[in-house]
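Inspection log for the structure reproduced underneath, given as structure tokens.
The values are calculated or read from the model by the stated rules, or taken from the named source; none is laboratory data. These numbers were taken from a predicted model, which means no experiment stands behind them. Note that each Cβ is placed from the backbone with ideal geometry, even for glycine, and that neighbours are counted across all protein chains shown.
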Amino acid sequence: MELKDMLYEGKAKQVFLTENPNRVVVRYKDTATAFNNIKKATIVGKGKVTSAISALLYEYLAKAGIKTHFVELVDECDQLCRRVQVIPLEVVVRNTIAGSMAQRLGVEEGVEPQNVIYDLYYKRDDLDDPLMNDHHAVALELVSYEELKVIYGLAEQINTLLLELFRRAGIRLVDFKMEFGRTPEGEIILADELSPDTCRLWDIETGEKLDKDRFRRDLGRVREAYELILTRLQAVKN
Ligand code: UDP
């Protein structure tokens, strides 16, 4: 596939224009970053694993009727995607308390609350992606209340589907982050990436962390953990 100009370069991905104005190519890079870019590294081979996992999860969700920006893999690290206007919000779903929520509220990591938790973060590197609520997001004109209703509905459906798939793969889906985009027709669809870079995934039996916390917390064997996730998902995806 012939790529045109680079539209955008982020911490873990590049986005290229194509001959089709409604399609972009998203390239997954081997870079890992954490703590708003303070910690950086190259993990050789990571891009192709995160791309493969993301593609597998998007295909699984599409089969269940969830619309995503993903069209097809055009190369190991390159995904042809629908061009959308990305809403600058990170939508985090938490089934188990971990990470920033555990720290901020003084809860032990691993506690399973009675309810699923939905958080919004404002995508602004210069502000360190602050936590915000629905009213803040509407006041800043990032989304409307109607769009938030759609986003929360999709987040709930996606969580149910992913919990089930990961459970079959022997993996506990602790939490994950999503981003949504608007199509030219104004429809809201899932965009960005779903991979161990954006999810917390623990082995159901052993509790071993198989996600980006291996990088954040210097646990080692990052790519190997991601490869294990891919192998396990491939075994249960159908
Ligand atoms: N997350 C992400 N990108 C971010 C922040 C968080 O993909 O910029 C994911 C993270 O991997 C985890 C979930 O969102 O699966 C919740 O992250 P948390 O708020 O606990 O923040 P962190 O511990 O990453 O600071």
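Apart from one condition, LYS237 fits all of (1) at pLDDT below 95; (2) over 19 Å from THR68 (Cα atoms); the exception is (2).
Tallying residues that are under 18 Å from SER100 (Cβ atoms), more than 15 Å from the chain's Cα centre (by Cα) and in a loop (DSSP other than H, G, I, E, B) within region 193-217 yields 1.
Taking the stated definitions as given, is CYS77 more than 16 Å from the ligand (Cβ to nearest atom), modelled with pLDDT of 95 or more and within 19 Å of ILE229 (Cα to Cα)? Answer is yes for this residue. Pairs, please: C-beta under 7 Å, at least 6 apart or cross-chain, first residue more than 8 Å from the ligand (Cβ to nearest atom) and in region 94-110, second in a loop (DSSP other than H, G, I, E, B) and among the hydroxyl-bearing types (Ser, Thr, Tyr)? Close Cβ pairs satisfying both conditions: GLY110/THR96.
Checking each residue of region 198-218 against the condition of being of a type in the set (Val, Ile, Thr) and within 16 Å of the ligand (Cβ to nearest atom) gives at least one match.
Report, by residue number, each residue of region 19-39 that is farther than 14 Å from ALA52 by Cα and surrounded by 19 or more Cβ atoms within 10 Å (Cβ to Cβ).
Of everything in region 19-39, those that are farther than 14 Å from ALA52 by Cα and surrounded by 19 or more Cβ atoms within 10 Å (Cβ to Cβ) turn out to be VAL24, VAL25, ALA32.
Whenever a residue of region 47-66 is closer than 18 Å to LEU154 by Cα and in contact (Cβ under 8 Å) with a residue 12 or more places away in the chain, its partners that are buried (at least 19 other Cβ atoms within 10 Å of the Cβ) and of a type in the set (Gly, Ala, Ser), lying with C-beta atoms within less than 6 angstrom and at least six residues away or across chains, give the pairs SER54/SER195.
Look at GLN114 and say whether it is part of a helix (DSSP H, G or I), out of contact with any Gly (no Cβ under 8 Å at 6 or more places or on another chain) and polar (S, T, N, Q). No: the conditions fail for GLN114. When region 54-95 is filtered for residues that are assigned to a loop (DSSP other than H, G, I, E, B) and either surrounded by 20 or more Cβ atoms within 10 Å (Cβ to Cβ) or not β-branched (Val, Ile, Thr) (or both), the ones remaining, listed by number, are ALA64, GLY65, LYS67, HIS69, GLU76, CYS77, ARG83, VAL84, ILE87, PRO88, ASN95. Of note, LEU89 satisfies the criterion of being within 15 Å of the ligand (Cβ to nearest atom), of a type in the set (A, V, I, L, M, F, W, C) and out of contact with any Pro (no Cβ under 8 Å at 6 or more places or on another chain). Among the residues of region 117-152, those identified as within 13 Å of the ligand (Cβ to nearest atom), of a type in the set (D, E, K, R) and not in a helix (DSSP H, G or I) are ASP119, LYS123, ARG124, ASP128, ASP129.
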